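Report on the following structure.
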Amino acid sequence: MPIPDALPDTVFYAIAVIYALLIAASVIVAVMKRKKPGAATEELSRRVTSWWFMITIFSVAIVTNRVVSTVFLGFVTFLAFKEYLSLIPTRRVDRVILLFAYWAIPVQFVFAHLNSYGLFLTFIPVWMFLFLPMAMTLMGKTEGFLRAVGTLSWGLMITVFALSHTAMLLAADKDVAGPAGGAGLLLFLVALTQFNDVAQFTWGRLFGRHKIAPQVSPKKTWEGFLGGLGSTMIGAAIAGPFLTPMPFYYAGVAGAIIAVAGFLGDITISSFKRDLGVKDSGGLIPGHGGILDRVDSLIYAAPVFYHAMHFFVFSGRI
Amino acid sequence: MKRALQFLFFFLVVRPVLLVILGMNVRGREHLPEKGPAVLVANHNSHLDTLTLMALFPLKDLHRLRPAAAADYFLANRWLKWFALNIINIIPLARGGVRKNPLADLEAALDRNEILILFPEGSRGEPEQRADFKRGVAYLAKARPDVPVYPVFMHGLGKALPKGSLILVPFNCDVFAGPAIRWTGDAQSFMGELELRMTELADEGRFQPWE
């Protein structure tokens with residue numbers, strides 16, 4: 001068996017920086033808790049504790065090897081899709097169809113792992129898209145058909161297809177992936193998406209005044225959004241040259257793309273939750289909610305970032 | 001030996017499946033009893049209900065949990081009988097009263113400080129639809145008025161494994177536990193109280209239709 005390429009040092013440095021930020025956040029929250037004890041700081045503290053777990057699990061998964069990383073990403077996707085299916089109305093007659101839809105996850109992640117661009121792009125939007133309504137038709141119950149096939153197709157796209165782009169980044173060719181390889185690109189995307197969430201939240205809490213989407217997400221403000229955008233662009237410009245093949249200015253643009261897409265993913269999932277009348281998508285992560293609450297911004301950021309990279313950077317256009 | 005097998009089954013099969021394939025969202029875990037005697041009362045949708053309720057307790061307390069189950073169903077063949085009696089540790093109940101006191105085994109279990117798991121709907125019935133509670137639980141509460149009765153509402157397991165299906169489809173399930181109630185003095189008000197608590201627990205979730 002060939003020895004897999006060792007992970008570049010920059011990935012470890014980046015993880016060290018993330019832990020440094022996490023320690024800083026823990027200290028700040030601990031001070032806040034002492035100064036202003038209450039439900040809000042309690043919640044914040046639970047959130048930070050959950051961050052320790054999530055960052056540690058993610059870091060271990062990413063540094064072990066690429067197979068482990070891809071399986072991990074597939075598992076997170078499975079949790080997101082399961083959460084989605086558990087929230088929406090489904091038909092009893094479709095149980096087996098849902099099982100088929102679940103099996104799309106390993107298949108999609110194998111295509112991603114093999115960096116098989118064509119199959120990766122067509123499997124869900126073409127093949128599953130055609131197969132699932134056909135299978136439902138064969139089940140013979142037409143009542144509620146359109147709702148069932150519509151919600152299932154959308155769910156498969158928004159969770160499985162969108163999130164599988166993370167594994168596709170990981171599989172990027174060594175020649176085009178840059179100094180830290182696919183793992184560096186994945187780390188860049190995930191760390192900045194999550195950083196943007198936190199920065200948006202913090203800027204919003206400190207200076208938020210003007211609501212940006214009051215119907216969908218009353219807590220989101222322009223101040224939070226723009227503060228997050230600026231912070232993420234700076235973070236991306238600093239991290240970009242170490243983790244991606246981009247110079248700092250393009251990396252800054254990539255940061256802007258991640259921030260905007262992340263925000264849109266966040267409010268899109270909020271829209272979905274609001275329609276179903278739930279506040280959180282689940283209770284898996286203390287202080288955060290469910291898996292969908294945590295990966296909502298990644299749902300938009302991952303495909304947008306991947307395809308921007310694919311079109312401009314991997315192809316050598318810039 | 002029996003305890004070891006039960007421990008292994010829950011540690012190696014039940015908990016991993018609940019954790020990975022199903023996923024549990026538990027609310028009100030702090031209400032659950034730490035020791036017996038106690039009675040858990042839940043709605044019934046799936047064979048997974050019993051396993052899920054048992055998995056809410058620490059593994060070391062597993063042998064104190066006694067689900068009451070229909071003898072005619074679970075003792076029907078040797079394999080199921082062995083499994084039900086040894087691994088799940090059920091207390092078999094005869095349906096359609098043959099003995100003088102049909103609750104004698106349950107009362108004895110409470111006297112041994114065990115935790116009973118009861119499904120007063122009687123059978124799994126239509127999944128994800130609540131059926132009226134049968135009154136046996138009231139007579140048990142009357143016989144042991146100091147024993148706390150804990151209402152637990154479950155949702156989602158009927159979607160994952162409904163009656164009549166052998167295929168397990170992953171779904172998250174919700175388990176909402178409420179504070180205990182005690183014997184109120186008469187069967188009607190006790191059943192009314194129990195049903196009310198169950199309805200309140202059920203109303204905590206926003207569940208979409210499943211037809």
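Some values worked out for this structure:
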| read-out | value |
| --- | --- |
| The range B:2-202, relative contact order in percent, only Cα pairs under 8 angstrom and at least six apart counted | 30 |
| Cut-off 18 Å, label 7 Å out along Cα→Cβ of residue A:219, residues of the range A:277-307 by amide N | A:277-298 |
| Peptide-level mean, for A:278-285, of C-beta atoms on other protein chains within 10 Å | 3 |
| Over the range B:108-211, relative contact order from alpha-carbon pairs under 8 Å, at least 6 apart, % | 26 |
| For chain A, built as a Gaussian network whose Cα springs stay under 10 Å, the top-fluctuating residue of A:220, A:36, A:211 | A:36 |
| Residues B:47, A:210, sorted so that the one with the fewest Cβ neighbours within 10 Å comes first | A:210, B:47 |
| As computed over chain B, the Cα convex hull volume per residue (Å³) | 125 |
| Packing-based order for A:240-249, A:268-277, using average beta carbon neighbours within 10 Å, highest first | A:240-249, A:268-277 |
| Max mean-square fluctuation residue, GNM over chain A, Cα-Cα springs under 10 Å, options A:194, A:215, A:108 | A:215 |
| Nitroxide proxy distance, nm - points 7 Å out along Cα→Cβ at residue A:22 and residue A:57 | 1.2 |
| Two-site label geometry, residue B:165 and residue A:274: point separation in nm, points 7 Å out along Cα→Cβ | 3.2 |
| Distance between modelled label sites at residue B:182 and residue A:114, nm, 7 Å Cα→Cβ extension | 6.7 |
| Modelled FRET efficiency - R0 51 Å, residue A:35 with residue A:96, Cβ distances, 0.05 increments | 0.35 |
| Average beta-carbon neighbours from other chains, 10 Å sphere, peptide A:72-78 | 1 |
| Per-pair calculated FRET efficiency, R0 = 22 Å: residue B:101 and residue B:2 via Cβ, rounded to 0.05 | 0.25 |
| Amide N of the range B:23-46 lying under 20 Å from the label point, which is placed 7 angstrom from the Cα of residue B:196 along Cα→Cβ | B:41-43 |
| Relative contact order (%) - the range A:1-155, alpha-carbon pairs under 8 angstrom, separation at least six | 18 |
| GNM top mover of A:137, A:56, A:202 - chain A, alpha-carbon springs below 10 Å | A:137 |
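Each value in this text was obtained by applying a stated rule to the coordinates, not by laboratory testing. Worth saying up front: this structure is predicted, and the values here are computed from it rather than measured. Using ideal geometry, Cβ is built from the backbone for each residue, glycine included, and neighbour counts are taken over all protein chains shown.
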